[in-house]
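The structure appears right after this line, and notes come after that.
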Amino acid sequence: CPQGPKPLGAAPAVPGAAATPSPAPQAGSPLPPLPGSLKDTEEDGAVLVDASGHLVPNADLRRFFNYYLSATGEEPASLIRERILAALRAKKLPAAAMDEAVQVLDDYLAYLDAARGLASKGSAAMPDTGDRLEALRKLRREHLGPGVADGLFGQEEAVDAVAVERLKLMNDASLTKEEREQRMAALEERLPPDVRASREEGVRPLRQQ
């Protein structure tokens, strides 16, 4: 299945795709066939609605957006947006949830555009990994709002924060081995429960050996 979104305007996944991009559809016209990278694949992610008929912004929704955004470079951004809107309409969401999904999509696209601008400055402008992650965290909340940003990125941000702290501990020469191990264990407790469970499942065979 395609991975996360490539930056809009990135090199095409298929050689020569940028030279003859698919034309953006006219309003109300049928969409052209799926691009090569999405053919014979299954739509990723999910669009969930709560009991009151409102959209649930979560990591599954971001994966749903990213599935179509992975075709960036093969198709114009306007066509990709139309594909996502068509996929949303096909799910026959409640009116409120549909309106919210369109708003989150446009806010997410604006965030990606801003994130590309941040990335274009390179690590030289912001050499510290923690600072770069914090800048992205703030950017997400500026464009998406705190609630949606937490829903789409909360788990990823929690894992990233632990990774940054882990790196600091590894580089802290003032700590003894025992102190470092204790603090590492405390960091693991900060991870989301399902992430901890996944890691535990991964190391279980080694412990059994």
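The values are calculated or read from the model by the stated rules, or taken from the named source; none is laboratory data. For clarity, every value in this text was computed on a predicted model and none was experimentally measured. Don't worry about glycine lacking a Cβ; one is built from the backbone with ideal geometry, like all the others, and counts go over all protein chains shown.
Here's a check for you: in region 83-116, which residue that is surrounded by fewer than 17 Cβ atoms within 10 Å (Cβ to Cβ) and in contact with a helix residue (DSSP H, G or I) (Cβ under 6 Å, 6 or more places away or on another chain) is nearest to GLU42 (Cα to Cα)? In this case the residue turns out to be ALA110. Screening ALA149, ALA119 for residues that are out of contact with any Ser or Thr (no Cβ under 8 Å at 6 or more places or on another chain), closer than 30 Å to LEU79 by Cβ, surrounded by 11 or more Cβ atoms within 10 Å (Cβ to Cβ) and modelled with pLDDT of 90 or more leaves exactly one candidate, ALA149. Within region 163-189, if we keep just the residues that are over 23 Å from ASP131 (Cβ atoms) and of a type in the set (S, T, N, Q), the residue that is surrounded by the fewest Cβ atoms within 10 Å (Cβ to Cβ) turns out to be THR176. Residues in region 46-61 that are in a helix (DSSP H, G or I), surrounded by fewer than 20 Cβ atoms within 10 Å (Cβ to Cβ) and either more than 19 Å from the chain's Cα centre (by Cα) or touching a residue at least 40 places away in the same chain (Cβ under 8 Å) (or both): ALA59 alone. Number of residues in region 62-82 that are within 18 Å of the chain's Cα centre (by Cα), free of Cβ contacts under 8 Å to residues at least 60 places away in the same chain and surrounded by 20 or more Cβ atoms within 10 Å (Cβ to Cβ): the value is 3. Against the numbered list (1) touching a strand residue (DSSP E or B) at 6+ places or on another chain (Cβ under 9 Å); (2) on the phi > 0 side of the Ramachandran plot, ASP99 comes up short only at (2).
Looking only at region 69-90, residues that are farther than 14 Å from ASP106 by Cβ and part of a helix (DSSP H, G or I) come to 6 in all.
GLU43 meets the stated requirement of being acidic (Asp, Glu), surrounded by fewer than 19 Cβ atoms within 10 Å (Cβ to Cβ) and modelled with pLDDT of 90 or more.
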